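Quick one: the structure is below, questions incoming.
Since every read-out is calculated from the coordinates, none of them should be taken as a lab result. Small disclaimer: the values here were computed from a predicted structure and weren't measured. So basically every Cβ, Gly included, is an ideal-geometry build from the backbone, and we count neighbours across all protein chains shown.
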Amino acid sequence: MTQENVVFSGTAATDFSSQAKRRRRIRTSLLYVFLTIWAVAVLFPFYWMILTSFKSQGAYNSEQTPKFYVSEPTAENYREAFTAVPLARYFGNTLIFTIVTTALMMVVIILAAFAFARLKFRGKNLLFTLFLSLMMIPNELVIITNYVTITKWDLRNSFPGLILPSITSVFYIYLLKETFEQIPEELYKAAKVDGTSDFKYLRRVMIPIARPTLVTIAILKVIECWNSYVWPRLITDKAEYFLVSNGIQEIREHGFGRDNIPAMMAAVVVISVPLIVLFLIFRNKIMEGVSRGGIKA
């Protein structure tokens, strides 16, 4: 190969590398533009909700075209949100409902997932398949069945009536079972040889290893309980058992009325902030737990 050919080959390789880098930069730029537009579209409703909550009712109603800023912000809407209805009581009810429901559900799904992942009994696979088939049943049918059962047990307008239908989840059992099955079975056999009981093995080995998935499930359940609306609305008609989701409707109907949109937005902000903070704090663990549960070792 002559010197000219070597120089030409080197120049061609350099040009190709430059073109590849240029295409890579263009793709990256387009990706960032798309993600920026998507982020604005997703976050804009939250911005508008917070913005409106700091506007007075008169200023909001006098706007001919929506303004994307507040010239005279006021916190009066937040004071009115807590005084028009007993919003603090709704927060307390929701806190009790969320903590108790999540705790009971964690006990149920841990024991169920351990049984399906490690214990050997006749018909286990068939039973688990039938169990998964429950996910195909529409939620409306489950709600009707639960309502009839809770009514017959005379548990309407009570915390047990609110909590009992929510203490298990087929999806969470499946997710946790997949995580448990990634733990080498040799550990379980070695523990049994040492005389370790199933419950002690579960508590000392499986739960610590599966902690990311357990944290993820707990956080998702907290969000689910906090946003629960249909079932609490159906099973309770007394204000002392209302949750924050039902409190929004109560505020609209019997609080400051349908026309006071800024005060309504203030109430929604107050109710949404705990979940947003919770998600921002534990977002990495949520992603880690979901990805771990979906990967087979």
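Could you tell me how many of the residues in segment 117-146 are among the aromatic types (Phe, Trp, Tyr), loosely packed, with under 10 Cβ neighbours inside 10 Å and within 30 Å of Trp231 (Cβ to Cβ)?
Residues flagged as among the aromatic types (Phe, Trp, Tyr), loosely packed, with under 10 Cβ neighbours inside 10 Å and within 30 Å of Trp231 (Cβ to Cβ) within segment 117-146 amount to 0.
Does segment 147-166 contain any residue that is among the β-branched types (Val, Ile, Thr), in contact (Cβ under 8 Å) with a residue 40 or more places away in the chain and in contact with a helix residue (DSSP H, G or I) (Cβ under 9 Å, 6 or more places away or on another chain)?
Yes, segment 147-166 contains at least one residue that is among the β-branched types (Val, Ile, Thr), in contact (Cβ under 8 Å) with a residue 40 or more places away in the chain and in contact with a helix residue (DSSP H, G or I) (Cβ under 9 Å, 6 or more places away or on another chain).
When you scan segment 49-57, do you find a residue that is without any contact (Cβ under 8 Å) to a residue 60 or more places away in the chain and among the basic types (Lys, Arg), even just one?
No, segment 49-57 contains no residue that is without any contact (Cβ under 8 Å) to a residue 60 or more places away in the chain and among the basic types (Lys, Arg).
Only residues that are β-branched (Val, Ile, Thr) and buried (at least 20 other Cβ atoms within 10 Å of the Cβ): list them for segment 164-186, please.
Across segment 164-186, the qualifying residues are Ile173, Thr179.
Moving to a separate point now. Report the residue count in segment 180-206 for those that are within 12 Å of Ala117 (Cβ to Cβ) and among the charged types (D, E, K, R).
3
Do we have Ala88 as surrounded by fewer than 14 Cβ atoms within 10 Å (Cβ to Cβ) and either in contact (Cβ under 8 Å) with a residue 40 or more places away in the chain or over 25 Å from Ser197 (Cβ atoms) (or both) here?
On the way: surrounded by fewer than 14 Cβ atoms within 10 Å (Cβ to Cβ): yes; either in contact (Cβ under 8 Å) with a residue 40 or more places away in the chain or over 25 Å from Ser197 (Cβ atoms) (or both): yes.
Yes.
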